[in-house]
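The values are calculated or read from the model by the stated rules, or taken from the named source; none is laboratory data. Note that this is a predicted model, so its numbers are computed, not measured. Using ideal geometry, Cβ is built from the backbone for each residue, glycine included, and neighbour counts are taken over all protein chains shown.
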Amino acid sequence: MTLTTSAAFTEPAPSALLLLGRGVDLASERGVECVGDLPAPSDPDLVERARAARAALGDRAFVLGHHYQRDEVIAFADVTGDSFKLAREAAARPDAEFVIFCGVHFMAESADILTSNSQQVVLPDLAAGCSMADMAAIDQVEDAWDVLVDAGVAEDTVPVTYMNSTAAIKAFTGRHGGTVCTSSNAHVALRWAFDKVGGLDGTGKVLFMPDQHLGRNTAVLQLGLSLDDCVVFDPRKPNGGLTAQQLKDARMILWRGHCSVHGRFSARNVTDIRAAVPDVTVLVHPECKHEVVTAADMVGSTEYIIKALDAAEPGTSWAVGTELNLVRRLANAHPDKQVHYLDSTVCFCSTMNRIDLPHLVWAMESLAAGRVPNRIVVDADDAHWARVALDQMLALPGY
């Protein structure tokens, strides 16, 4: 695999190529210098300790690895996938006493909600959060709902929350008759929500949390609404920065949240890669900005991206806009194709990467010694109402 800067990728290698920029992009979301590589893999002694601890736990433990995890962690996962797939996999293993979730906090919460009371969910590092999920705090959302009530639109509004949200936000959604969605079924969830309040041609609304980009892209590109139908509710501003009339006119009330990884990609990245790599196919996640999604050739969830690369013809070139660990893994898995990273400066998901092999080894060795570290337990009432919202998602067409 060849590592180059974004300005020097005019001559792609014949094998799989990952284009890693190592500069400073002050126009990017973070405006910081990002490292091109993670630290070197863990030492062999730690790998052996991980193997021994995993063997000692046996069937008592079930290890889940999100697609964005480091390779050294994925190596010990019993199953890999996106957040909801992993939570369902955990629920399908009722005999596992411990569920070790190598992901971020909201994912472990979902696993705790969906598994039985006899199972214990462990997050190897409690600092592994999600910046997007943290952008919608429960008190902010409750205040926002009061704004909708005061504007006279709450009765005609259905909340829909992305899987990438806290248990408290999922519970809020369940209490108010809404549903959870994933990036794969957001269009189905939105259509269901609009049908509850008169259909797409009516005046009903959806409060979509916490990722504004997924909500906007789905509403406009898949449901046929316009950008003018969408407004952004900013919890840091009085009344969300919106007038009562704007709320009445809107169809999609988008929470001002985003993914710190997917929000980095720009339309300029797409232009640059097309100029550098002839016949490249640009494939991005729907959490990207609207101008990035509309400039791309293909848009889809993490699972969609993986399947697209698996099905691609040998010799084809791809530029992928999603988390770097996954793009690197796809490049290594497909040496017969050119797989490029879309961003010009490289940032891993900083919170996802807090789950490293030392933390995983510590968690497994603690469990093997009879101690349960970092157990994730969702409040019983929140768990009930979050389960209501999750069950509503499972009742949608396609599940």
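Since HIS340 meets every condition but one in (1) buried (at least 16 other Cβ atoms within 10 Å of the Cβ); (2) assigned to a helix (DSSP H, G or I), which condition does it not meet?
Unmet condition: (2).
Quick one: in the stretch 384-399, which of the residues that are under 18 Å from PHE172 (Cα atoms) and aliphatic (A, V, I, L, M) is surrounded by the fewest Cβ atoms within 10 Å (Cβ to Cβ)? Please lay out each step first, then the result.
The first filter runs over the stretch 384-399 and keeps only residues under 18 Å from PHE172 (Cα atoms), leaving 384-394.
Still in the running and aliphatic (A, V, I, L, M): 386, 388-390, 393-394.
On the way: ALA386: 30, VAL388: 18, ALA389: 26, LEU390: 22, MET393: 24, LEU394: 13.
Per the criteria, the residue is LEU394.
Out of curiosity, is MET298 surrounded by 23 or more Cβ atoms within 10 Å (Cβ to Cβ) and over 18 Å from SER344 (Cα atoms)? Working first, answer last.
On the way: surrounded by 23 or more Cβ atoms within 10 Å (Cβ to Cβ): no; over 18 Å from SER344 (Cα atoms): yes.
So MET298 fails the test.
What are the residue pairs meeting all of these: first residue in the stretch 163-182, first residue outside the structural domain of GLU287 (by TED's automatic domain parsing), second residue of a type in the set (S, T, N, Q) and surrounded by fewer than 24 Cβ atoms within 10 Å (Cβ to Cβ), Cβ atoms under 7 Å, and 6 or more apart or on different chains?
MET163/THR182; THR179/GLN392; THR182/SER301
Mind telling me which of the residues GLY174, GLY178 ends up being modelled with pLDDT of 95 or more and either out of contact with any strand residue (DSSP E or B) (no Cβ under 6 Å at 6 or more places or on another chain) or within 17 Å of SER83 (Cβ to Cβ) (or both)? Can you show your working first?
Values: GLY178 fails: either out of contact with any strand residue (DSSP E or B) (no Cβ under 6 Å at 6 or more places or on another chain) or within 17 Å of SER83 (Cβ to Cβ) (or both).
After ruling out the rest, the residue left standing is GLY174.
Tell me which residues, restricted to the stretch 107-140, are closer than 11 Å to THR166 by Cα and crowded, with 24+ Cβ neighbours inside 10 Å.
Those that are closer than 11 Å to THR166 by Cα and crowded, with 24+ Cβ neighbours inside 10 Å: MET107, ALA108, GLU109, SER110, MET132, ALA133, ALA136.
Could you please find all residues in the stretch 43-98 being in a loop (DSSP other than H, G, I, E, B) and touching a His at 6+ places or on another chain (Cβ under 8 Å)? Break it down into steps so the answer makes sense when it comes.
Kept after step one, since they are in a loop (DSSP other than H, G, I, E, B), are these residues of the stretch 43-98: 43, 67-70, 75-78, 82, 92-97.
ASP82, the sole residue that qualifies.
So VAL292 clears everything in (1) part of a helix (DSSP H, G or I); (2) surrounded by fewer than 23 Cβ atoms within 10 Å (Cβ to Cβ); (3) touching a strand residue (DSSP E or B) at 6+ places or on another chain (Cβ under 8 Å) except one condition, right? Which one?
Just one mismatch for VAL292, condition (2).
Quick check on this structure: which one of ASP143, ASP134, ASP139 is touching a residue at least 40 places away in the same chain (Cβ under 8 Å) and not aromatic (Phe, Trp, Tyr)? Don't jump to the end; show me each part of the working.
Numbers: ASP134 fails: touching a residue at least 40 places away in the same chain (Cβ under 8 Å); ASP139 fails: touching a residue at least 40 places away in the same chain (Cβ under 8 Å).
The conditions single out ASP143.
Could you check, for the stretch 228-237, whether at least one of its residues is of a type in the set (Val, Ile, Thr) and over 24 Å from the mean Cα position of the chain (by Cα)?
Taking the stretch 228-237 first, the residues of a type in the set (Val, Ile, Thr) are 231-232.
From what's left, over 24 Å from the mean Cα position of the chain (by Cα): none.
Taking every residue of the stretch 228-237 in turn, none turns out to be of a type in the set (Val, Ile, Thr) and over 24 Å from the mean Cα position of the chain (by Cα).
Of the residues GLY398, GLY370, only one is at pLDDT below 95 and on the phi > 0 side of the Ramachandran plot; which?
Working: GLY370 fails: at pLDDT below 95.
When all the criteria are applied, what remains is GLY398.
Go through ALA319, ALA308, ALA363 for me and flag whichever is crowded, with 19+ Cβ neighbours inside 10 Å, over 23 Å from ILE169 (Cα atoms) and either in the same structural domain as HIS285 (by TED's automatic domain parsing) or free of Cβ contacts under 8 Å to residues at least 24 places away in the same chain (or both). Before you say what the answer is, go through the steps one by one.
Values: ALA308 fails: crowded, with 19+ Cβ neighbours inside 10 Å; ALA363 fails: either in the same structural domain as HIS285 (by TED's automatic domain parsing) or free of Cβ contacts under 8 Å to residues at least 24 places away in the same chain (or both).
Only one candidate passes the filter, namely ALA319.
Any residue at all in the stretch 264-281 that's under 30 Å from ASP146 (Cβ atoms) and either assigned to a loop (DSSP other than H, G, I, E, B) or modelled with pLDDT of 95 or more (or both)? Working first, answer last.
Filtering the stretch 264-281 down to residues under 30 Å from ASP146 (Cβ atoms) leaves none.
No, every residue in the stretch 264-281 fails to be under 30 Å from ASP146 (Cβ atoms) and either assigned to a loop (DSSP other than H, G, I, E, B) or modelled with pLDDT of 95 or more (or both).
Name the residue that is surrounded by the most Cβ atoms within 10 Å (Cβ to Cβ), counting only residues in the stretch 229-246 that are out of contact with any strand residue (DSSP E or B) (no Cβ under 7 Å at 6 or more places or on another chain) and part of a helix (DSSP H, G or I).
Kept after step one, since they are out of contact with any strand residue (DSSP E or B) (no Cβ under 7 Å at 6 or more places or on another chain), are these residues of the stretch 229-246: 234-239, 241, 243-245.
If we keep only those that are part of a helix (DSSP H, G or I) as well, we get 238-239, 241, 244-245.
Working: PRO238: 8, ASN239: 18, GLY241: 14, ALA244: 14, GLN245: 9.
Filtering first and then ranking leaves ASN239.
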